[in-house]
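**Q** There's a structure below that I have some questions on.
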Amino acid sequence: MTVATQQDNLQLLANNLQEHLRADVPSGEFFGVRCAVKNHQLMILTQHPQGVAVDTENIFTVLKEALSNNCREYPQEKIEIFLRVAGVKLPYSKRSFTLEKHYDNPQLEEAEDNSIPDSSALTYSPVNEVEDDFSNSQAQNPLPENSEPNLAGFNPKLLVLSMLGVMICATLGGAYVATRPCLITKCTQLKTAQYLDTSYGELIKEINSEQDLARLQRKIDKANSNLRQIPGLSPYSQESQQLSLSLSDKSSEIQKVFTAFQAAQIAEQKSKTPASSLKQLQDRQRLWRQAISPLETINSDRELYQFAQEKLRNYRANLQAVNALLQKEDKYTKKITSAKAVALVAEKRQATARSLKDWQKVQATWQVALNALTPIPAESPAYSDAQKLISEYKPRLLAARNRTTKELMAAKTYRQAVNAVSLAKRYERQNQWTQAVMQWQTAVSSAKQVATSSLYSVEAEKIITPASVSLEQAREKLRIANRIQKTRSDLERTCSGEIRVCTYIMGNQGITVRISPDYEQNLQENLLEASTQGDTSIIDGVNNHLQTLQKALEAISDNADVPLIVYDAQGNVIYERTLN
C-alpha cells in the first residue's frame, strides 16, 4: 500500500465522518474533520469556528456511531477523538476509544482516560477556517508537530498496523479495492450526480426549511466529491467534469442562501434586545443588507429564485424596520447636535450680556436647546445622551431665568425712580409740595431697591443723592406752604364776623392787616352811644374787643414767625410788631 493510498483513505474517512456530523448535529455544516495516524493509533480532529454552539457529548456520540455502524472485520485498534475551536492551538475536549473485534456487531468502547493531554504530549498547529473543504492531505496540513508517520524506509509491518485504523469503515474498503472508481466498473457516482442534477428543480420545490436545504447541499457536495475522484482515464471523465461544474454551480448558489441565513440569524439575535446606540442599529442594518445581497444575485430563471424571494421579503421588511429606526435616530441625533450648537450660542450671549434684552435672549436660547432634547423618547439610544445634556442645560436655563427676572425687576424699579423724579419736578413747578414730596420719596426708595449687581445699579446710584436733597428741600417748602395756609386760615377766622373786622395780606414781608371801615364805624358809633348815655360797660366792651383782636393778630404773627402791621380804615398804622 502506497503513501498516496494511505492519505486518500484518511481523507475518505474524514469526509465520511464529516457527512455524519452535517446530517446529525445542529450547525454540523460548520464542522470540519481530519484524520491522521500517530504511533499506530488513529487520531481524529474535529474543529469548528468560535461562537458555534456545541453539544460535546452529542459530537462524540455521533462520531462513535459513525465508526461503529460502518465497520467490518478489523483487529483491535485504539482511536482518539479531539474537539477544538478553529485557530486555537490546543483542543478543549478529548475521548479515547478502543476498537474491538465483533464480527456481528462491531462497537467502540470508550477508554477510561478521557483527559486532555498537556501541550508537551500533544500540540496542534493552527488550521484554516471551517469553510475550507479539508481536502488537503495530512502531509499538506499536518496535525501535531512530529505526528506524521515516518514513511522514509518504512517497515511494512508497522505500515500495515497503522493502516488498520484507517480501514475500519466499509466505505473505505469498497472505495479502493483494486481499481480506481468508474474505470472498469459501473459508475454509480455518475448516476447519483445525474439524478441530483436533473431532479434539482423538483428537489428544490420540496424544500420546506433551512435544514432541508442543508441536507440537499450535503448530497450535492458529496456527489460532486465523488465525481472528482473519477480518474481521467475513465470513459466517464468528460461527462463527470461537466456534471461537476453543474453541481458546483448549484452548491455555490445554495451557499449564497446559507450566507444570507447566517447574516440574518445574527441580525435576528441582535434584534432581540433594544439597540443602546446608533452604532448597534447601523450594525443591524449592515447585517440585513448582507443577508439580502446574496439572495438578490439569484436570477429569476434559477430554481432557488422563489425560495430566495420568500426570504427576501422577510429580510427587506426587517431592513425597512431598521431603516425607519435609523431615520428616527438620525432625527434625534440631529436634535442633539442642534442642541449643542444652540448651547454654544447661549454661552456666547451670556458672556456678553449687557442689558435686559440681552439676558432675555440668553434665557430664550437655553430654552430652545432644552426644547430640542425633550422630545427624545426613553426607548431611543440617544435618550441617555439627551438626558445628560438636559441635566447640564437645565441649571444654566434656571440661572439665566433668575438673572433675567432680576434684571427685569431692576429695570422696572429704575424706571419707577426716573418717572418719580420727573413728576416731582413738575409738582414743584406747580407749587404742589405735598405731591412733590411724595414723588421724591418714591424716587429715592425705588433707586435704593435696584439690585447692586444688576445692570441698572450704577444709574440708580446716580439718582439717590440728588433725589434725597430735593426731597429735603421739598419738605421745607411744604412746611412753609402749610404754615402759610394755616396763617391764612387763622387770619380769616379772626377777621370774620357779622361785620367784617379786617382784611389781610400774607406776603413775603409779613402780615398786613387793615381794619375795615364798617367795623371802625361800628366801633365809633358804640363809643358815641356810650358817651351819650354814660355807659362805661360799652366802652369796656369795645376796649376788650380791640385787645382780643390785637392778641389774636400777635399770636398769628408768632405762629407764622413773620412781622405784623395793623392799619386803621384811614391807612394809619395803629400797631406794628417785628420779629425778635
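The values are calculated or read from the model by the stated rules, or taken from the named source; none is laboratory data. Owing to the predicted nature of the structure, the values given are computational and were not obtained by experimental measurement. No Cβ is skipped: glycine too gets one built from the backbone with ideal geometry, and neighbour counts run over all protein chains shown. Surface accessibility is based on the protein's heavy atoms, side chains included, excluding ligands, DNA and RNA. Shrake-Rupley method; radii C 1.70, N 1.55, O 1.52, S 1.80 Å.
**Q** Using a probe of 1.4 angstrom, how much of the accessible area of region 260-365 is carbon and sulfur, in percent?
**A** In region 260-365, the share of accessible area belonging to carbon and sulfur is 48 percent.
**Q** Check each of the trypsin sites (Lys or Arg not before Pro) in region 252-282 and keep only those in coil by DSSP with at most 14 other C-beta atoms within 10 angstrom; list them in order.
**A** Lys272
**Q** Another question, then. Enter the Cα centre distance for the pair region 8-41 and region 542-580, rounded to the nearest angstrom.
**A** 146 Å
**Q** Which of the residue pairs Lys477/Lys551; Lys191/Lys256; Lys334/Lys388; Lys222/Lys250; Lys361/Lys394 have a Cα-Cα distance greater than 18 Å in the structure shown? The partial results should precede the final answer.
**A** Values: Lys477/Lys551 28 Å; Lys191/Lys256 26 Å; Lys334/Lys388 16 Å; Lys222/Lys250 13 Å; Lys361/Lys394 16 Å.
With Cα atoms farther than 18 Å apart: Lys477/Lys551; Lys191/Lys256.
**Q** Scan around Lys38 for amide H atoms under 5 Å from its own, H built in the peptide plane at 1.01 Å from N, and keep only partners 5 or more places away or cross-chain.
**A** Answer set, sorted by chain and number: Met43.
**Q** Select from region 440-501 those GluC sites (Glu not before Pro) which occupy a DSSP coil region and have at most 16 other Cβ atoms within 10 Å, ordered by residue number.
**A** Sparse-neighbourhood loop GluC sites (Glu not before Pro): Glu498.
**Q** Got a number for the accessible area of Tyr305? Probe 1.4 Å, square angstrom, nearest 10.
**A** It works out to around 60 Å².
**Q** State in Å² the accessible area per residue of region 443-507; use a 1.4 Å probe, count heavy atoms of protein chains only, and round to the nearest integer.
**A** 60 Å²
**Q** Separation of region 452-493 and region 266-300 by C-alpha centroid, Å?
**A** The distance from the Cα centre of region 452-493 to that of region 266-300 comes to 85 Å.
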